[in-house]
Amino acid sequence: MIATPAAALRPRSPSAVDPGRVLAQSMCAECHAVQAGQYVSPNPYAPSFERIANTPGMSAPALWSSLYSSHRRMPNIILRPDETRAIVTYILTLQDADD
Ligand code: HEC
């Protein structure tokens, strides 16, 4: 039987299936805390996605450009534009989620 990533996440409701969250889980969670309410990342140098989302002035264009620029400690991960859009959208859903 083939389990889809969405099914593996056991969403609370069908509308909770977010392709950006699935991508973040599979591509970024090795280093970043990617879920709402998580502040401690596996990699101590990597900010949690909730913290990134709640950085003052954070916006889709700002996130987009930070994903396309290189970082000191973060490997350059090659994302397709549709993957970038999904992840940016997901990270912004964490804004002001303080529980
Ligand atoms: C191998 C570990 C690693 C992986 C995998 C990783 N990151 Fe990072 N990321 C880091 C570290 C460490 C930092 C903080 C230091 C830096 O900017 O290099 C960071 C910083 C960031 C920042 C903030 C950049 C800024 O300009 O302040 C964003 C946004 C980000 N990561 C998004 C992602 C996304 C989205 C993914 C998955 C597609 C991802 N990261 C995967 C380690 C990682």
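The values are calculated or read from the model by the stated rules, or taken from the named source; none is laboratory data. Everything numeric in this text was worked out from a predicted model, so none of it was measured. Glycine also receives a Cβ, built like all others from the backbone with ideal geometry; neighbour counts cover every protein chain displayed. Note: accessible area is taken over every heavy atom of the protein model, side chains too, but ligands, DNA and RNA are not part of it. Shrake-Rupley method; radii C 1.70, N 1.55, O 1.52, S 1.80 Å.
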> Restricting attention to region 36-53, which residues are open to solvent by less than 60 Å² (accessible area, probe 1.4 Å) and either in contact (Cβ under 8 Å) with a residue 12 or more places away in the chain or not in a loop (DSSP other than H, G, I, E, B) (or both)?
Replying inline: ALA36, GLY37, ASN43, ALA46, PRO47, SER48, PHE49, GLU50, ILE52, ALA53
>> Pairs please, first residue from region 75-99 and under 22 Å from ASN43 (Cα atoms), second anywhere and at pLDDT below 80, Cβ atoms under 8 Å, 6+ apart in sequence or on different chains.
In response: ASN76/SER70; THR84/TYR68
> In the set ARG10, ARG73, ARG80, which member is open to solvent by 80 Å² or more (accessible area, probe 1.4 Å) and either modelled with pLDDT of 70 or more or among the polar types (S, T, N, Q) (or both)?
Replying inline: ARG80
